[in-house]
Amino acid sequence: MRAYLDLLDHGVDVVLEDGLWTAGQRAEKIADGRAHDARIERHVLDVPSEELHRRVRERNRVASALDVVLTPEGLDRALAVFQPPSSDERALVDWYEVRRA
């Protein structure tokens, strides 16, 4: 069993920040939460790709030798994988918030 489900079974709030890029991944987590009587909230940070590219350029500019550098091409590959939540998907959660940044 996944550790976050054990936490839900013990009444602990859980924040998932990984494995939520595709609709299928999110549907799996929602189904898991529902099976464990969890209230499900979805927080989305909506940042235009141009702003993400600007932030990556700035991050790389000040990066130390120990920092991982994200290339513009790597960012584009990540953006191509991400599936924004649909209105149908939004209806599956108890609370939904989009923050634009």
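Counting just the residues of the range 52-70 that are β-branched (Val, Ile, Thr) and modelled with pLDDT of 95 or more, which one comes out nearest to Arg100 (Cα to Cα)?
Val56
For the range 28-49, name all the residues that are in contact (Cβ under 8 Å) with a residue 40 or more places away in the chain and either of a type in the set (S, T, N, Q) or open to solvent by less than 50 Å² (accessible area, probe 1.4 Å) (or both).
Ile30, Ile40, Arg42, Val44, Val47
Please verify whether Thr71 is among the polar types (S, T, N, Q) and touching a residue at least 60 places away in the same chain (Cβ under 8 Å), treating the condition exactly as stated.
Working: among the polar types (S, T, N, Q): yes; touching a residue at least 60 places away in the same chain (Cβ under 8 Å): no.
When the stated conditions are applied, Thr71 does not pass them.
For the range 50-90, how many residues are open to solvent by 50 Å² or more (accessible area, probe 1.4 Å) and either farther than 18 Å from Thr22 by Cβ or polar (S, T, N, Q) (or both)?
21
The values are calculated or read from the model by the stated rules, or taken from the named source; none is laboratory data. The shown structure was predicted, so the numbers you read here are calculated from the model rather than taken from an experiment. Neighbour counts are summed over all protein chains in view; Cβ atoms, including those assigned to glycine, are modelled from backbone coordinates with ideal geometry. These accessible areas exclude ligands, DNA and RNA; they are computed on the full protein's heavy atoms, side chains included. Shrake-Rupley method; radii C 1.70, N 1.55, O 1.52, S 1.80 Å.
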